[in-house]
Amino acid sequence: MRRSPFAAAVLATVMAVASAEAADFGAPIRGLTQTQLDRFNEGKAAFEATETPEEGLGPVFNGTSCAFCHNLGATGGASAIVETRFGTTTDGAFDHMTYFGGSLIQTDGIGIAGTCDFVGEIVPPEATIVAGRRTTSLFGLGLVDAVPDAVFVALSNFQKRFQPETAGRPNFVQSISTGKRQVGKFGWKGQVPNLFDFSGDAYLNEMGITTPFFPDENCPQGDCDLITACDPVPGIDDDLEDVELFRDFMQTLAPPPRLPNPSFAAYDGSRVFDAIGCANCHVRTLVSGPSPVRALGFRTFSPYSDFLLHDMGTLGDGIEQGKASGRDMRTAPLWGVRLLTIFMHDGRAHTLEEAILAHEGQGRFAKQRFMALPAHKQTALVAFLNSL
């Protein structure tokens, strides 16, 4: 196909920018001081380190290290691991069923400890809602963390005015570490407001390691008597040293690199992406605000997400977190999506086409427009996504 001079010039510019910004998956963001780079490497080592019951692992857990789940492409990436959440409805309200160990299943136990045998949890038969949650990527999240809450509020207001049929809203949650009401940016429901909280929450719920901000062990299958009788490491397991290291590593992870030489089909697909409304929710660019890490401050970056909640109708997973209803899901960032082998929050889709066709609720408009495209335009859109 012969390209017009304009199209060729635009494509050359896109390729030049992608090349200039390219970095390996899992690399530190450019512009760090030597001290910050040393902290990144120290945090990465802690992120990859295997925990043991003697160090506080368990008694129930999902992985023995952060990198156990976050490893696709490099340390800090996504994975094909799909965890399970469950709940039910009691008197018309969502019930996390903490009395059965809910809502997150911890699949493994540390085994014999004292007179107790700690084993992995199962979904109780009383649960009426069961949902999968795919492990997400952590690349570039320091930039997201540095975006002021006011930006997400303004973005939501803009969407309400100019694209009301797909407008999103922030999930305001209370930060465990600051005590302040903040916009949730992380997690499939936007239920976590900052990377420090994200680190402490995951340390407890994925590895069972308690900290001053998350001091209470998960009771296996809801049986807290087991903790009282047999917790191998009573009290606080970590004094926040590792939580801070995890935070610093995630904070300075570079965004996923773009494919360095996108095809012309990918360039065409970029236009399709806008034309059918994908960019309404998968917003191309955001700008960070002030940050103590200079490399993160006032940076324009391209996550392809508004990090807002959207009513996804039947695609919602039924789980409520913060102000997110069972129908709400936070827009998944698309940067680095070419690495994934399964898609959507529960991994139900095995191709990008399947993922697009799974959209419901506020996402159904873009899906319907995609279905109406000629085959070569659908192929171009997928080529664009595979360049991210």
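What follows is calculated from the coordinates using simple rules that are stated; it is not laboratory data. Being a predicted model, the structure only gives us computed values, none of them experimental. Cβ: placed from backbone, ideal geometry, glycine included. Neighbour counts: every protein chain shown.
Starting from the Cα gyration tensor of the chain, take the square roots of the eigenvalues, sort them a ≥ b ≥ c, and report rounded, prolate or oblate (rounded when a/c is under 1.5, otherwise prolate if a/b is larger than b/c, else oblate).
Details: a/c = 1.96, a/b = 1.47, b/c = 1.33.
Verdict is prolate for the chain.
Relative to the longest principal axis of the Cα atoms of the chain, helix 375-385 runs at roughly 50 degrees.
In loop segments of region 311-388 as defined by DSSP, the GluC sites (Glu not before Pro) with at most 16 further C-beta atoms inside 10 Å of their C-beta are E360. Let me know the shape class of region 48-87, please: from the alpha-carbon gyration tensor, a ≥ b ≥ c as square roots of the eigenvalues, rounded when a/c is under 1.5, otherwise prolate if a/b is greater than b/c, or oblate. Oblate.
Taking trypsin sites (Lys or Arg not before Pro) across region 162-265, the ones in a DSSP loop with at most 16 further Cβ atoms lying within 10 angstrom of their Cβ are K180.
For region 164-205, the square roots of the Cα gyration tensor eigenvalues, ordered a ≥ b ≥ c, give a/c of at least 1.5 with a/b no greater than b/c, which places it in the oblate category.
The angle between the Cα long axis of helix 34-48 and the main principal axis of the chain comes to about 60°, on a 0 to 90 degree scale. Taking every DSSP helix (H) stretch of at least 4 residues in the chain, weighting each as -39,500 (n - 2.57) and dividing the sum by the residue count yields a mean residue ellipticity at 222 nm of -9000 deg cm²/dmol. Label-to-label distance, A93 versus E354, with points set 7 angstrom from Cα along the beta-carbon direction: 3.8 nm.
What is the angle, in °, between the Cα long axis of helix 5-21 and the longest principal axis of the Cα atoms in the chain? Nearest 10 is fine, range 0 to 90. Its long axis makes an angle of about 30 degrees.
Which trypsin sites (Lys or Arg not before Pro) from region 348-388 combine a DSSP loop assignment with at most 16 other Cβ atoms within 10 Å? Provide the component values of the computation, followed by the final result.
On the way: sites: R348, R364, K367, R369, K377; in loops: R348.
Here the sparse-neighbourhood loop sites are R348.
Extension gain, A80-T52: 0.36 nm per intervening residue step, less the Cα-Cα distance, totals 7.7 nm. Positive contributions from Lys and Arg (+1) and negative ones from Asp and Glu (-1), summed over other residues with Cβ under 13 Å from the Cβ of T88, come out at -3.
Counting lysine pairs in region 5-385 that sit 8 or more residues apart in sequence, or on different chains, and whose Cα atoms lie under 23 Å apart gives 11. Checking Cβ-Cβ separations below 4.7 Å across the chain identifies C66, C69, C278, C281 as cysteines lacking any candidate disulfide partner. Take every pair of alpha-carbon atoms less than 8 Å apart whose residues are at least six positions apart; their mean separation over the length of region 5-385 yields a relative contact order of 22 percent.
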